[in-house]
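Undergrad: First the structure, which I've put down as structure tokens, then a few questions once you've had a look.
The values are calculated or read from the model by the stated rules, or taken from the named source; none is laboratory data. Note that the coordinates shown come from a computational prediction; the quantities given were computed from them, not determined experimentally. Neighbour counts run over all protein chains shown; Cβ positions are idealised from the backbone, glycine included. Areas reflect the complete protein model, heavy atoms only, side chains present, ligands, DNA and RNA absent. Shrake-Rupley method; radii C 1.70, N 1.55, O 1.52, S 1.80 Å.
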Amino acid sequence: MSRKELLDIAAGTGDIVNVITPHNNYTAIDISPGLLRKARKKTIERGFSNPALYVADACQLPFADDSFDVAVCNLSLNFFTGIDDFVMELKRVLKSDAWFYCSMPVPERKNPKAVIHGTLYSVDQLKHKFTKAGFSFKRNHSQYIYIYLTSIS
């Protein structure tokens, strides 16, 4: 992946930059200014020339329509209080045929001894929420759900 407009949602310290090339335009949001300061340092160290980091709520994305080619959300979706609002906001800011990659725990694959905070949604619930908003579901596997969704015009 190169030369894409990438949005990292609930970026935390920006760990995604460890697996993407700095030839992409990196934009990140998180509700924690402290974590975003760490993310800024990490993106600069990894060679991203002009990272754009915003303190923002994932359910109220501060971006124009059709802004991003790719969005990622790693292990955070279960903490969003308005998942339906988030899905609609995500759809709004993604370009047609954009990709959304998301990993999150799901109840049907949760280890019974694991303590996971937030709201867990089943694979079927997630498929329903995203397809209702115009995404197509591509795959899932493993202990966590890895969702690859494509925005459809």
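Undergrad: Just to be sure I understand, how many residues within region 1-34 are more than 16 Å from the chain's Cα centre (by Cα) and modelled with pLDDT of 95 or more?
TA: 2
Undergrad: All but one of (1) within 12 Å of the chain's Cα centre (by Cα); (2) crowded, with 19+ Cβ neighbours inside 10 Å hold for Asn78; state the number of the condition that does not hold.
TA: (2)
Condition check ((1) part of a loop (DSSP other than H, G, I, E, B); (2) open to solvent by 40 Å² or more (accessible area, probe 1.4 Å); (3) in contact with a strand residue (DSSP E or B) (Cβ under 9 Å, 6 or more places away or on another chain)) across all residues:
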position: Arg3; (1), (2), (3): yes, yes, yes
position: Asp8; (1), (2), (3): no, no, yes
position: Gly12; (1), (2), (3): yes, no, yes
position: Tyr26; (1), (2), (3): no, no, yes
position: Leu35; (1), (2), (3): no, yes, no
position: Lys41; (1), (2), (3): no, yes, no
position: Asp57; (1), (2), (3): yes, yes, yes
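Undergrad: Any idea which residue in region 59-68 is most open to solvent (accessible area, probe 1.4 Å), counting only those that are free of Cβ contacts under 8 Å to residues at least 60 places away in the same chain and in contact with a helix residue (DSSP H, G or I) (Cβ under 6 Å, 6 or more places away or on another chain)?
TA: Asp65
Undergrad: Would a scan of region 72-93 turn up a residue that is touching a helix residue (DSSP H, G or I) at 6+ places or on another chain (Cβ under 7 Å) and part of a strand (DSSP E or B)?
TA: Checking region 72-93: at least one residue is touching a helix residue (DSSP H, G or I) at 6+ places or on another chain (Cβ under 7 Å) and part of a strand (DSSP E or B).
Undergrad: Quick check: is even one residue across region 105-116 at pLDDT below 85, crowded, with 17+ Cβ neighbours inside 10 Å, of a type outside the set (A, V, I, L, M) and in a strand (DSSP E or B)? Can you show your working first?
TA: Here is the first cut: in region 105-116, the ones at pLDDT below 85 are 105-116.
The next check asks that each one be crowded, with 17+ Cβ neighbours inside 10 Å; those that pass are 105-106.
Next cut, of a type outside the set (A, V, I, L, M) only: 105.
Narrowing the set further to residues that are in a strand (DSSP E or B) leaves 105.
Within region 105-116 (the criterion being at pLDDT below 85, crowded, with 17+ Cβ neighbours inside 10 Å, of a type outside the set (A, V, I, L, M) and in a strand (DSSP E or B)), the answer is yes, since at least one residue qualifies.
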